[in-house]
Every structure is written in C-alpha cells, then in structure tokens.
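See below for the structure under consideration.
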Amino acid sequence: DAGITQSPRHKVTETGTPVTLRCHQTENHRYMYWYRQDPGHGLRLIHYSYGVKDTDKGEVSDGYSVSRSKTEDFLLTLESATSSQTSVYFCAISPLAHQETQYFGPGTRLLVL
Amino acid sequence: GIQVEQSPPDLILQEGANSTLRCNFSDSVNNLQWFHQNPWGQLINLFYIPSGTKQNGRLSATTVATERYSLLYISSSQTTDSGVYFCAVEDDYKLSFGAGTTVTVRA
C-alpha cells in the first residue's frame, strides 16, 4: 500500500468553525489531491497540488483552501464550515503528471452540525 | 468538462456469476482508470486503461477510445468483489469520476 495517511479520520464540528484536514505521504510523490465523496456524485476534485506551494482549484473549490509547504503534507482548510460540507474527504497522490496511477488515503468523515 | 456515465447503478450477483460494467464518456481522453471502493471505504486502483484490453486475475477491462466507452468484466464473482466500482477519466490534467456502480455479491 502507498504510504498515505489522513488525519483526523473522523470529525464532528459545528457550523461556522474552521476545520483543517491533513494528508501526509511518505512516497515523495509530486502530485497531491483532495476529493470529496457524496452519494450519487462519485468523487469530486476540490483542489490539487503539483509541487510545494503550487496548487490549483478543482471543480468544487468554493469554501475550501489548501496549503502545501513541504512535499509530504497537503492541508485542506474549511474556513467556516457549513452543513453542505458534511462529506467524506479523500486525499490522493500520484507521481506522474498525467495521473497514470493515483493512490488514495483512507478518508476522513466530516460531520458539520 | 467531460461527462462520465456508469451503468448499471446497482448490480446484485450470485457468487460465481460473471458481469459487465460500463463507462461512457463524452469526449476523447488520454487517461481512463477503474477503481474499486470496498465496503470499508478504501479506494483501490484496478486498471489504467486509456485504450485496449488488460487483465488482472478475474478482472479485465477494455477501452474503445474511438467510441468513448470502457467495460469492466468480473468473472466468477466472489463476495470480496462487493463494493463500488468507479470509472474516472482525465479532464484537463484532473480526474473526473462517474457516479459508480454498486456491486453486491451474495454467497
């Protein structure tokens, strides 16, 4: 298994509070991604990173920000959590530009009350 | 962006049966992948298959890029094959996922 961990694995928070999710990899892969998974939608890309301090938006980036200060860590922040951000969040990594192989972390279940 | 449609949405199989899952996409792609999400939520990459045919044990996949579809075959299904199967295509350097096919294999 690719060395990807996510923390926390479960979180319950209240509307309006900030939340930060962490993705940590030990593979030294260049590309890192944050997805959310909701029933009926498959996985949707929130943000991705193609290098340290290099990030770009995905299809559902509103309300989220990311940071990557070192290769191994990619942080996803919900500045002010809303109930619509209740979801399962997956981090993924890939060594190659065209995503030939993408490895996923175990996911974080977030409940916003 | 590219639209990805998977069918059927749900599939119930008796152990030992064979099945075919389909993925249609709306534009030409350089990258197509199949993933399996097990009942515990873990996502595993099954195939990278932008064109042609590949096999891995009881699973095989075929992509006909010119006709914009891909098929995933499960032969002699086992209960461990249960879960959700996702097709994903590259769209402007990012993966776009279909909604998935939920497979339940009964003993």
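Just a few scattered comments:
- Anisotropy class assigned to the protein assembly as shown is prolate, per the alpha carbon gyration tensor with a/c at or over the 1.5 cut-off and a/b larger than b/c.
- Centre-to-centre, using Cα atoms only, the stretch A:1-66 and the stretch B:34-107 are separated by 22 Å.
- In a simple Cβ point-charge model (Lys, Arg +1; Asp, Glu -1; nothing else charged), chain A has a dipole of about 180 debye relative to its Cα centre.
- The residue among B:THR104, A:PRO8, B:ALA65 whose Cα reaches farthest toward the positive pole of the charge dipole of the protein assembly as shown, with charges on the beta-carbon of Lys, Arg, Asp and Glu, is A:PRO8.
- Most fluctuating residue given options B:ASN38, B:ASN18, B:ASN56, as computed from a GNM of chain B linking Cα atoms under 10 Å: B:ASN56
- Solvent-accessible surface of the stretch A:11-113, taken per residue with a 1.4 Å probe and all protein chains present: 45 Å².
- Cα gyration tensor shape for the stretch B:30-107, rounded if a/c is under 1.5, else prolate or oblate: oblate
- Each peptide in A:103-111, B:47-55, A:45-53 receives the mean, over its residues, of other Cβ atoms within 10 Å, and ordering these scores from highest gives A:103-111, A:45-53, B:47-55.
- Contact residues in the stretch B:67-98 (at least 20 Å² less accessible area with all protein chains than alone, 1.4 Å probe): B:PHE86, B:GLU90, B:TYR93, B:LYS94, B:LEU95, B:PHE97.
- Contact-buried residues of the stretch A:56-101, at a threshold of 30 Å² lost accessible area versus the chain by itself: A:PHE90, A:HIS98, A:GLN99, A:GLU100 (1.4 Å probe; DNA, RNA and ligands ignored).
- Residues in the stretch A:20-47 occluded by at least 50 Å² - accessible area, probe radius 1.4 Å, against chain by itself: A:LEU43
- ³J(HN,Hα) computed for each position of the stretch B:2-19 - Karplus, 6.51 cos²θ - 1.76 cosθ + 1.60, integer Hz, glycine/proline x: 6, 8, 10, 10, 10, 8, x, x, 9, 8, 10, 10, 8, 3, x, 7, 9, 8
- Protein heavy-atom accessible surface, 1.4 Å probe, per residue over the stretch B:6-107: 46 Å².
- Accessible surface of chain B, 1.4 Å probe, proportion on carbon and sulfur as whole %: 46 percent
- About its Cα centre, the dipole of the protein assembly as shown is roughly 360 debye, where the only charges are +1 on Lys and Arg Cβ and -1 on Asp and Glu Cβ.
- Compactness of the stretch B:1-56 was expressed as the Cα radius of gyration divided by 2.2 N^0.38 Å, which yields 1.29.
- More than 20 Å apart - percent of Cα-Cα pairs taken over chain A: 33 percent
- Computed from phi, the 3J(HN,Hα) profile of the stretch B:41-54 under the Karplus parametrisation 6.51, -1.76, 1.60 (θ = phi - 60°) reads x, 6, 9, 10, 6, 9, 9, 9, 8, x, 6, x, 10, 9 Hz, with x in place of Gly and Pro.
The values are calculated or read from the model by the stated rules, or taken from the named source; none is laboratory data. It should be emphasised that the depicted structure is a prediction, and the values quoted were computed from it without experimental measurement. Here Cβ is always computed from backbone atoms with ideal geometry, including for glycine, and neighbour counts include all displayed protein chains. Note: areas computed on protein heavy atoms with side chains; ligands, DNA, RNA excluded. Shrake-Rupley method; radii C 1.70, N 1.55, O 1.52, S 1.80 Å.
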